[in-house]
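The values are calculated or read from the model by the stated rules, or taken from the named source; none is laboratory data. Every value quoted in this text rests on a predicted model; they were computed, and no experiment measured them. Please note: Cβ atoms are built from the backbone with ideal geometry, for glycine as well, and neighbour counts cover all protein chains shown. What goes into the accessible areas is simple: the full protein's heavy atoms, side chains included, and nothing from ligands, DNA or RNA. Shrake-Rupley method; radii C 1.70, N 1.55, O 1.52, S 1.80 Å.
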Amino acid sequence: MSMNFSFQTHIFLLMLTFLLKPGNASIHVYNQESLKEVGNSYLLSGGSEGISSSSHARSFIRFENVSFWRPKSAAKSRGLIQVVVFEAADRNNIGGSAYGGQRSICCTSDLAKLQGCKQGEVIRIPSAADVNWPIILNLHFSRNSLSTSIKNQEEVSISKTGMYNLFFIACDPKLKGVVMSGKTVWKNSDGYLPGRMAPLMRFYVFMSFVYFVLAVIWFTQYIRFRKDILQLQHCISAVVGLGLFQMILWYCEYANFNRTGMRPVVLTTWVVTVGAVRKTIARLLVLCVSMGYGVVRPTLGGLTSKVLLLGITYFLASELLDITEYVGTINDLSGRARLFLVLPDALLDAFLILWIFTSLSRTLEQLQAKRSAVKLDIYRKFSNALAAVVFASVAWIAYELYFKATDPFSERWQSAWIITAFWDILAFALLCVICYLWAPSQSSQRYAYSEELGEEFDEEEAQSLTREKPAGDISLVEKKEKSLGGTHVFDEEGEAEEDKRE
């Protein structure tokens, strides 16, 4: 019976978790939200956030202009709405079960006899850490009144760091169809930024610094050797600049969010648009490098329109996902809505990876056939780095799925920021590799595609390495001619190869 009770308890709590909309902002706004039937109760999730507490500043949840309206059919009786605030660690202290049966949020006649709860109200078991928790605020409808409100500026003080959940619950069946409006303000000790997002503000300061260092190094070389710059290096410059701009914008957006508790639409739109442009150009850059653009081929030829079409499609999918997820939103997207928007983005990424590795394989084959040792070495290093990035991405996706599956109640919220930060770090690492391999220098043009010099040299080098010596011809005259001619060719090729290595 105990095992059955434990299993049912877990199922019940998971139901609450799926109904709960984790807050993505510190000010949660409710506009004619209706309470949904769950078990023997009607409830509405008010949000879920990690709140940090400290001695130097207050942390709280404040109710502002929160009002409830009930249907006219229930106006003749007095109804009760209960506001429940509890920490995720105390989730088992809300609700109960009679004889190991189905778990209930509201007290029934059987539970009233067994647990001493008050019938028609939420079952509350005092926390072992603090008997005053979970906190329940009672709100009564007056007889013949259709509305009731929470006292404006009512606050629940938070004295312990943790993941806190807010629910509005009605146990009276006559209150079916109750709707509510208003807002709640969640404040941490360091500001309005949600606890799970607060570390990201400091992270974007760090990322802005490392992007700035990379930009200084790259653009110093870029200006120094501006006469020898390749088209590919112009694209790299754009990605470096956009990356720095995006990190600075993210910090500004988070700092404003932490100060005001709101996400300004204009600033957030700028951030996600710059991010979508950067991600699109970065992916197209990797694709063009893999195709050998500027190294094996002078242009993309007939593939240009396809690459541009893929870039526009990816930008639109990424922009739609980011705008829907970040701009003007109060809560995180629900599972189905997020899956609907993430799926096109993920499919495009998978297609890009397949195209990149297919193109890279062909480029390596061409360079190997032409015996272009220096270019081949660069592309082998690039392919190894790209393979490592893909492997790390797959491994991190698996870890992210494991992280979310083993933490359904977001109790590890203090380390959740790493999930987001990892992708920015990985993108920066790959960009550093590309900047290192294709750094501007006085010999940049020697790595570029050239019909007059580069490709002819590659063909002559390949022929000289694959040409067979005539059997039986050992005349002294021919040896002398070969010796003289060969010495001249060797010197030219040696100098060319040495220049290439420089």
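Data table
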{"read-out": "Test set (1) part of a helix (DSSP H, G or I); (2) touching a helix residue (DSSP H, G or I) at 6+ places or on another chain (Cβ under 9 Å) - Ala98 fails condition number", "value": "(1)"}
{"read-out": "Positions within the stretch 208-261 being closer than 30 Å to Gly195 by Cα, surrounded by 15 or more Cβ atoms within 10 Å (Cβ to Cβ) and touching a strand residue (DSSP E or B) at 6+ places or on another chain (Cβ under 7 Å), in sequence order", "value": "Asn258, Gly261"}
{"read-out": "Conditions (1) modelled with pLDDT of 90 or more; (2) surrounded by fewer than 19 Cβ atoms within 10 Å (Cβ to Cβ); number of the one not met by Lys174", "value": "(1)"}
{"read-out": "Residues located in the stretch 71-92, provided they are among the aliphatic types (A, V, I, L, M), open to solvent by 10 Å² or more (accessible area, probe 1.4 Å) and not in a strand (DSSP E or B)", "value": "Ala75, Ala89"}
{"read-out": "Evaluation of Ser181 against (1) in a strand (DSSP E or B); (2) over 28 Å from Glu49 (Cβ atoms) (one fails), failing number", "value": "(2)"}
{"read-out": "Candidate set: the stretch 71-91, residues that are among the polar types (S, T, N, Q) and farther than 11 Å from Asn144 by Cβ; chosen: the one modelled with the highest pLDDT", "value": "Gln82"}
{"read-out": "Residue identified as open to solvent by 70 Å² or more (accessible area, probe 1.4 Å), touching a helix residue (DSSP H, G or I) at 6+ places or on another chain (Cβ under 7 Å) and either among the basic types (Lys, Arg) or closer than 24 Å to Ser34 by Cα (or both) among Gln119, Gln153", "value": "Gln119"}
{"read-out": "Members of the stretch 95-107 found to be surrounded by 18 or more Cβ atoms within 10 Å (Cβ to Cβ) and touching a residue at least 60 places away in the same chain (Cβ under 8 Å), listed by number", "value": "Gly95, Ser97, Arg103, Ser104, Ile105, Cys106, Cys107"}
{"read-out": "Pairs with Cβ under 9 Å, 6+ apart, first in the stretch 62-81 and within 15 Å of Glu33 (Cα to Cα), second part of a helix (DSSP H, G or I)", "value": "Phe68/Leu175; Arg70/Lys174; Arg70/Leu175; Pro71/Lys174; Pro71/Leu175; Ile81/Leu175"}
